[in-house]
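Okay, structure first, notes after.
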Amino acid sequence: MFKARFSALSILDSCFYRFSTACSKSLNQYFLADGTVLVMDNAFNVPRSILSKIGKQLHTRNDHPLGIIRNRIEAYFAKSRFLDQGSYFFKCYDNLSPIVSIVDNFDNLCFPSNHPGRSPTDTYYINSNHVLRTHTTAHDVSLMSSQSFIHNGKFITIGDVYRRDEIDSVHYPVFHQVEGVCLFSRPELSFLDKKYEKISSIKVSNIQPEHINNQRNVELVVTDMKREIEGLMKNLFGHDILFEWIPGEFPFTSPSYELEIILNGKRLEVCGCGVLKNSILEKAYGKYHDSSIAWAFGFGLERLAMVLFDIPDIRYFWSEDSRFISQFSENANNNFDDFKPIKFVPLSKYPPNIRDLSFWLSGNAKALDFDHNTVYEIIREEASDLVESAAIVSI
Ligand code: FA5
Ligand code: MG
């Protein structure tokens, strides 16, 4: 049995909900606002509600909480590194198309052919060869290998990403990520060696075979990555922020880590990161590339903004209600040195109007012969953002 909880965020609402299949495949072309024509095939599985979010570019709106936090992250990474090696900056890309090839999203990033992330139950397919990017990491190889992007292997990428996922206050099928990549040339590694001479570098496991003879380099790069990310956390949330590094696992990094921040005793995963696999650098730069090693990370912007502004539910970011956006406008113009985040105030003086709805799925549910993400999507498609959470109550 499934139980779905509905709560209107800004209006009192009482509707009767009908559940049916979500997505119409009657057209084989779809025109996006920017003029892109998507030619669909049988793999197409993107519902209307998701298509309507493409191109909204919330992260580029200076007055939107996602835009405010993105500006702060960009400012943090805009500082120069390796000053005595010549100044390098993290270049920022925020306007790359969210429609990417499966080569960019999966193959180039060493996802095995049977990885669950490739499944249409997890990923939105436009056609057999194109998906809505499931992470901003999808751009890493093409940005690194492209001649037309000049960034010295140090860049951040910000954009909307799409995943068929569960329904609760910290998951939404469209969210935003910021990716960071920092590639080290050999002179830069010597510079790191000096920089961290007095700091005992981190002991690492899961070192890639290609790095086994250069363990010190891996330790330096992981030390540098963790310091950058911790610096960002302190810059955003203040020096008292509590966090913990835990081991992670991604097909494209080794070693890999995740960062959890701890707030009021609760843990929230905000970031995945690690040392990019050497085979990925080879794809981008060729087998005999001179740049030896790179770190990379990916943050979920909504999760950071929820903590910074005390926003209790991820659905708010898509609110068109001016009472939501206008709350943050003062922060849009804040000087970053004396930034005091505005704390979110609920839009309505009325408490949420909550309805619980239970329903049964027919078929052999005991054998789990249904896909959970598909059920979540049908619920979302029919009930829109009124649905607050959905969970299996019994099987
Ligand atoms: C990734 O997406 C990796 N590409 C991150 C990475 C980049 C690792 C570079 C190594 C090197 P993950 O699936 O854990 O990892 O997602 C990263 C972050 O996105 C999470 O920590 C979380 O903050 C956020 N996130 C993930 N799923 C959702 C969701 N459905 N709704 C909102 N935020 C989400
Ligand atoms: Mg994760």
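The values are calculated or read from the model by the stated rules, or taken from the named source; none is laboratory data. These numbers come from a predicted model, not from an experiment. No Cβ is skipped: glycine too gets one built from the backbone with ideal geometry, and neighbour counts run over all protein chains shown.
Pick out the one residue from V103, V141 that is aliphatic (A, V, I, L, M), over 22 Å from V174 (Cβ atoms) and surrounded by fewer than 19 Cβ atoms within 10 Å (Cβ to Cβ).
The match here is V103.
Among the listed residues K277, K283, K287, which satisfies the condition of being in contact with a helix residue (DSSP H, G or I) (Cβ under 6 Å, 6 or more places away or on another chain), among the charged types (D, E, K, R) and within 20 Å of S185 (Cβ to Cβ)?
K283
Select from segment 260-277 the residues that are away from ligand 2 (no atom under 16 Å from the Cβ) and either modelled with pLDDT under 95 or farther than 21 Å from R216 by Cα (or both) and list them in ascending order.
Scanning segment 260-277 gives I262, L263, N264, G265, K266.
Quick check on D313: is it touching a Ser or Thr at 6+ places or on another chain (Cβ under 6 Å) and more than 9 Å from ligand 1 (Cβ to nearest atom)?
So D313 passes the test.
Which one is surrounded by the fewest Cβ atoms within 10 Å (Cβ to Cβ) among residues in segment 378-395 that are part of a strand (DSSP E or B) and not aliphatic (A, V, I, L, M)?
Here the answer is S389.
Just to verify a result, which residue in segment 133-149, among those that are more than 13 Å from C92 (Cβ to Cβ) and not polar (S, T, N, Q), is nearest to ligand 1 (Cβ to nearest atom)?
Ranking the qualifying residues of segment 133-149, first place goes to H135.
Do we find that I207 is in contact with a Lys or Arg (Cβ under 9 Å, 6 or more places away or on another chain) and assigned to a loop (DSSP other than H, G, I, E, B) in this structure?
no
Hey, can you tell me all the residues within segment 177-201 that are among the small types (G, A, S) and surrounded by fewer than 16 Cβ atoms within 10 Å (Cβ to Cβ)?
Residues satisfying the conditions are S190, S200.
Can you name the residue in segment 245-261 that is polar (S, T, N, Q) and within 9 Å of ligand 1 (Cβ to nearest atom) and is also surrounded by the most Cβ atoms within 10 Å (Cβ to Cβ) among such residues?
Ranking the candidates gives T253 first.
Take the residues of segment 262-276 that are more than 6 Å from ligand 1 (Cβ to nearest atom) and surrounded by fewer than 20 Cβ atoms within 10 Å (Cβ to Cβ): which is nearest to the chain's Cα centre (by Cα)?
Selected residue: L268.
Just to be sure, is N95 modelled with pLDDT under 95, assigned to a loop (DSSP other than H, G, I, E, B) and at positive phi?
Considered against the rule, which asks whether it is modelled with pLDDT under 95, assigned to a loop (DSSP other than H, G, I, E, B) and at positive phi, N95 comes out as no.
Could you check how many residues of segment 228-244 are of a type outside the set (D, E) and buried (at least 16 other Cβ atoms within 10 Å of the Cβ)?
Within segment 228-244, residues that are of a type outside the set (D, E) and buried (at least 16 other Cβ atoms within 10 Å of the Cβ) number 7.
Only residues in segment 230-243 that are charged (D, E, K, R) and outside any loop (DSSP other than H, G, I, E, B) count as the first member; pair them with residues that are at pLDDT 90 or above and surrounded by fewer than 17 Cβ atoms within 10 Å (Cβ to Cβ), Cβ under 8 angstrom, at least 6 apart or cross-chain, and list the lot.
Taking only residues 6 or more apart or on different chains, the pairs are K234/I241.
Looking at segment 251-271, which of its residues are within 28 Å of L109 (Cα to Cα), in contact with a Leu (Cβ under 8 Å, 6 or more places away or on another chain) and outside any loop (DSSP other than H, G, I, E, B)?
Hits for segment 251-271 are T253, E260, I261, E269, V270, C271.
Looking at N114, N129, which one is farther than 30 Å from Y76 by Cα, surrounded by fewer than 19 Cβ atoms within 10 Å (Cβ to Cβ) and free of Cβ contacts under 8 Å to residues at least 24 places away in the same chain?
Among N114, N129, only N114 is farther than 30 Å from Y76 by Cα, surrounded by fewer than 19 Cβ atoms within 10 Å (Cβ to Cβ) and free of Cβ contacts under 8 Å to residues at least 24 places away in the same chain.
Are any of the residues in segment 242-259 of a type outside the set (A, V, I, L, M, F, W, C) and either more than 16 Å from ligand 2 (Cβ to nearest atom) or touching a His at 6+ places or on another chain (Cβ under 6 Å) (or both)?
no
Check whether at least one residue in segment 183-202 is under 22 Å from A294 (Cβ atoms), within 16 Å of ligand 1 (Cβ to nearest atom) and part of a helix (DSSP H, G or I), and report yes or no.
no
How about segment 209-224: which of its residues are under 25 Å from the mean Cα position of the chain (by Cα) and without any contact (Cβ under 8 Å) to a residue 60 or more places away in the chain?
Once the filter is applied, which keeps residues that are under 25 Å from the mean Cα position of the chain (by Cα) and without any contact (Cβ under 8 Å) to a residue 60 or more places away in the chain, segment 209-224 yields only T223.
Run down T137, T121 and say which single residue is in a helix (DSSP H, G or I), among the β-branched types (V, I, T) and touching a residue at least 12 places away in the same chain (Cβ under 8 Å).
Only one candidate qualifies: T137.
Residues being away from ligand 1 (no atom under 13 Å from the Cβ) and assigned to a strand (DSSP E or B): count how many of those fall in segment 277-300.
1
For E219, which of the numbered conditions (1) among the acidic types (D, E); (2) in contact with a Lys or Arg (Cβ under 8 Å, 6 or more places away or on another chain); (3) in a strand (DSSP E or B) fails to hold?
Of everything listed in (1) among the acidic types (D, E); (2) in contact with a Lys or Arg (Cβ under 8 Å, 6 or more places away or on another chain); (3) in a strand (DSSP E or B), E219 misses just condition (3).
Would a scan of segment 338-348 turn up a residue that is within 16 Å of ligand 2 (Cβ to nearest atom) and closer than 29 Å to F155 by Cα?
no
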